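Before any comments, here is the structure.
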Amino acid sequence: MRATFEAERGFPLDRFQELALDALDAGESVLVAAPTGSGKTLVAEYAIERALAANGKVFYTTPLKALSNQKYGDLARVHGSRNVGLLTGDNSVNGDAPVVVMTTEVLRNMIYAASPALDGLRYVVLDEVHYLQDRYRGPVWEEVIVHLPPEVILVCLSATVSNAEEVAAWIETVRGSTAAIIEEHRPVSLEHRYLVGERNADQLHLLPTFVAAPDGELRPNPDAARLDARNARDPGWRGRPRTRLRTPSRVETAELLASESMLPAIAFVFSRKGCDQAVEQCLAAGLRLTEPHERARIRAIADAKTAGLADDDLDVLRYDQWLAGLEAGFAAHHAGMVPPMKEAVEEAFAEGLVKVVFATETLALGINMPARSVVIEKLSKFTGERHEFLTPGEYTQLTGRAGRRGIDERGYAIVCWSPFVPFDQVASLASRRSDALRSSFRPTYNMAANLVRRYSKFEAHHLLNLSFAQFHADRDVVTLERQLDRTKQQVGRQRELIGPDLALVEEYRALVTELETLRRNGASGGRRITEAMEALRPGDVVVVRRRGGRIAVLNHEHRRGGGSRLVAVTPGRDVVRLGPQDFEAPPRRAATIDLPTPFAPRNPAFRRQAADRLRRVKLHDDGGRTRREDRRRSELEDALADHPLARDPQREQKLRAAAALERFERDVQRTERRVRGRSESLARQFDRVLRVLEAWGYVDGWHLTEAGEQLARLYTETDLLLAEALRERILDGLRPPELAAVVSCFTYERRGPEGQHPMPPARWPTKTVAKRARAVERLGEQLRANEDDAGLPETRPPDPGFTPYVHDWAAGETLAEVLDDDEMTGGDFVRHVKQCIDLLRQVGDVATDPETRLRAREAADACHRGVVAASSVASA
């Protein structure tokens, strides 16, 4: 059958493909690590052919539902819809077929449930296996690899990673003979470009990032480096510094790529809002990249993909503007879009109709959208907590989309100039290929319950020690010990530089630190500002420097998506709305006025009287604290001026050495903790998880209690918290919309740093929901206290921020009524509802109260409608 398979391809196989097929013929598992678009999928196709020829089964797993849907369509077209099934949280299609596509979580759940579907399974394809380092989904890969029946052969497909041999060696220790097939050659050569604009010139510079040196080696382009170095700061308008270079606009970039025949292109923007703005900018500029026949085909694709959406829903999703951009040849692609619209963009782009897609990095994760060029607008992205520089692996993943096999002779990776990233850093990133794959595995409560349920204590510990995390940890200790020695040597060098004055230097630095803190006026975080704002009452007078003076509070304006603003009147009779960003420090009441009655802030007479009273009121002397701070600042300045170190000619050198010493000593402590952590086996972490489960009554010795059996069937990040809520009957006696709202507390997590500190929604849908959500929150506090005592990572707090949305949706309101011009996007809404549906179905399976099981299923069905249902349909 090998000869037939190769003949049907119609092209000669690459060497790495032949080696992978040889390994499968020899009965070995394989790990294929190769660049995007190099043809890794052919190896999976061969495994499918082998399984079908032997009347066996093959499971094809992906990390994302969207990838599973796409792969299902691809395989159904090749093998026929009768032979291919799909299992995700949204779809269950022909699950008994010989070829079944599924998310990796579904396979993990099947293994733990000892599903009969595993009978006759010959191969499992683990696509995008480099996901095992993903913080949330990664552990699932390791569970699958460790727990699959030993006779199943694995086909692991990965992007290029620097330690592929190590990963393959681990798989071999777990499952037997495994071949590491590594291919670094790209099927389409990649050329790196640096795109720069000048402030006083319309023409852009598109420069090669590398040029050939006399010895034939590629070196960073000296012309680009000189251009970057000449970026001196002009005095600018009113003496403000101004750079000579600038970042090219998105419209300019699209026009340049069109003129240079470098389309189609994917421009990575790393911001949903930025992607949408880019489309708006192109539309506003009148940019059009398509021909009439292409526009007709684009409209047909858009109509077909969105046929399941009601006209009212399309209005809420701004369909007309989206289609206008699509027909003009450009579109956004990000998680804030509903799946039907994203799928239309993908299909139109794959057919070469849409010429530029502005995308967040999620597009790079396996979706089949190759381009001629990839543009990276900036080399840092916001992770939800902080801005981080792209790693070499992320850069390689993004630029892997550049160059279409069989179409383009070469692909282009273009990085735009940024004032924050010098050219040499761009060149350094582009010259490095990949990162090492790291494990994110750790024992969870659900995993522990399933290990107790299926294995003896000895077997469970043995299986945990087979994880890649433990395999890597054992190898890592030696490396960490060497790193620790080097860091301790640095500590010694810095101490020598400071000499006998260490105590004086530390004293001086402490004074400087305290002075700088006072000068920042004790700037507080946003949360303290928000709390101070919420404490203000109507009539309170506050001094707001950013608004130029005093204001009087009228009321609080709560926004549906969370957060609030102060509505206030100024001495000039204007009504203003102030958010946390308008305050440098927590606002304090400086006086109080009696507001006119009746309360009518839109009435000119009301505003005039309030403004008059505001102007006349005498502000409190916020005195004591300010004077104390002023005195302390003066004392510190005098102490620094008189300090012995102030006259030391080597002061700056000693201060730099002290800062370095502090940093290196922290590194020593951190590395010592890592050594202890690596030396401490995962099995001992598992024992701590078991202690929590035993304390909470889920495990008795090495047996599951009734509650433990329930926990073993709950698959969610907040598994134990949900199990305890079920046991405490917090989910009983609720109407379906209320149950959906409370269940959303376990699945929803708002984006951004504020997600770490969930806040109540601006509006509770019902008093019952508020009461139950607070009960869940109290349970979460108890659990986190127990986890802290046990030395375990804390379960994230439940977040009630989605309760009003999903309650109203389950109650039958329209999409327009639910979103109500709020900040939540249609795509986010759909995704959060689908996560809630998945957990509601689990509750419908495991709840002990029959009424709760029924209400959970009713709630799931009520949520699965309209745009949510249309976004869950798999297309073949």
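The values are calculated or read from the model by the stated rules, or taken from the named source; none is laboratory data. Quick caveat: nothing in here was measured; it's all calculated off a predicted structure. Counting neighbours? That spans all protein chains shown, and the Cβs are built from the backbone with ideal geometry, glycine included. Note: areas computed on protein heavy atoms with side chains; ligands, DNA, RNA excluded. Shrake-Rupley method; radii C 1.70, N 1.55, O 1.52, S 1.80 Å.
From the alpha carbon centroid of the stretch 102-134 to that of the stretch 11-61 is 17 Å.
Taken about its Cα centre, the stretch 394-499 carries a charge dipole of roughly 260 debye when the Cβ of each Lys and Arg holds +1 and the Cβ of each Asp and Glu holds -1. Peptides 171-180, 465-474, 286-295, 323-332, ordered by how many other C-beta atoms sit within 10 Å of their residues on average, highest first, read 323-332, 465-474, 171-180, 286-295.
Among 483, 470, 395, pick out the residue whose Cα is farthest towards the positive end of the charge dipole of the stretch 394-491, where Lys and Arg carry +1 and Asp and Glu carry -1 on C-beta, about the Cα centre. Of the options given, the answer is 470. Here the stretch 123-208 has an Rg and Dmax of 20.2, 68 Å, counting Cα atoms alone. Full extension of the chain between residue 650 and residue 299 gives 119.2 nm of extra length, using 0.36 nm per residue less the Cα-Cα distance. With contacts taken as Cα pairs under 8 Å at a separation of at least 6 residues, the stretch 741-876 carries a relative contact order of 28 percent.
Expressed in units of 2.2 N^0.38 Å, where N is the residue count, the Cα radius of gyration of the stretch 678-821 is 1.17.
Each residue, residue 215 and residue 632, gets one label point 7 Å from its Cα in the Cβ direction; the gap between the two is 5.9 nm. Legend: distances between Cα atoms for 305/378; 40/305; 273/342; pairs beyond 25 Å are 305/378; 40/305. Volume of the convex hull of the chain (Cα atoms only), normalised per residue: 222 Å³. Between the beta carbons of residue 854 and residue 497, assuming R0 = 56 Å, the FRET efficiency works out to 0.15 to the nearest 0.05.
In terms of the mean number of neighbouring beta-carbon atoms within 10 Å, the peptides 29-37, 79-87 order highest first as 29-37, 79-87. Peptides 764-775, 692-703, 128-139 ranked from most to least packed by the mean count of surrounding Cβ atoms within 10 Å: 128-139, 764-775, 692-703. Across the options 337, 274, 304, the greatest Cα extent toward the positive end of the charge dipole of the stretch 273-412 (unit charges at beta carbon of Lys, Arg, Asp, Glu) belongs to 274. Across the chain, Cα pairs under 8 Å and at least six residues apart give a relative contact order of 12 percent. What you get for the chain, charging only the Cβ of Lys and Arg (+1) and of Asp and Glu (-1), is a dipole of about 3200 debye around the Cα centre.
For residue 654, which lysines qualify as cross-link partners when the Cα separation must be under 25 Å and same-chain residues fewer than eight apart are set aside? Straight-line reach from residue 654, under 25 Å: 488. Placing unit charges on the Cβ atoms only, positive for Lys and Arg and negative for Asp and Glu, gives the stretch 697-753 a dipole magnitude near 280 debye about its Cα centre.
Look at the dipole of the chain built from charges on Cβ: of 43, 575, 810, the Cα furthest out on the positive end belongs to 575. Over all pairs of different C-alpha atoms, the stretch 112-154 has a mean inverse distance whose reciprocal, the Kirkwood radius, equals 11.3 Å.
With the whole protein complex present, residue 728 retains an accessible surface near 100 Å², based on a 1.4 Å probe. A probe of 1.4 angstrom, applied to the heavy atoms of all protein chains, finds residue 763 with accessible area near 90 square angstrom.
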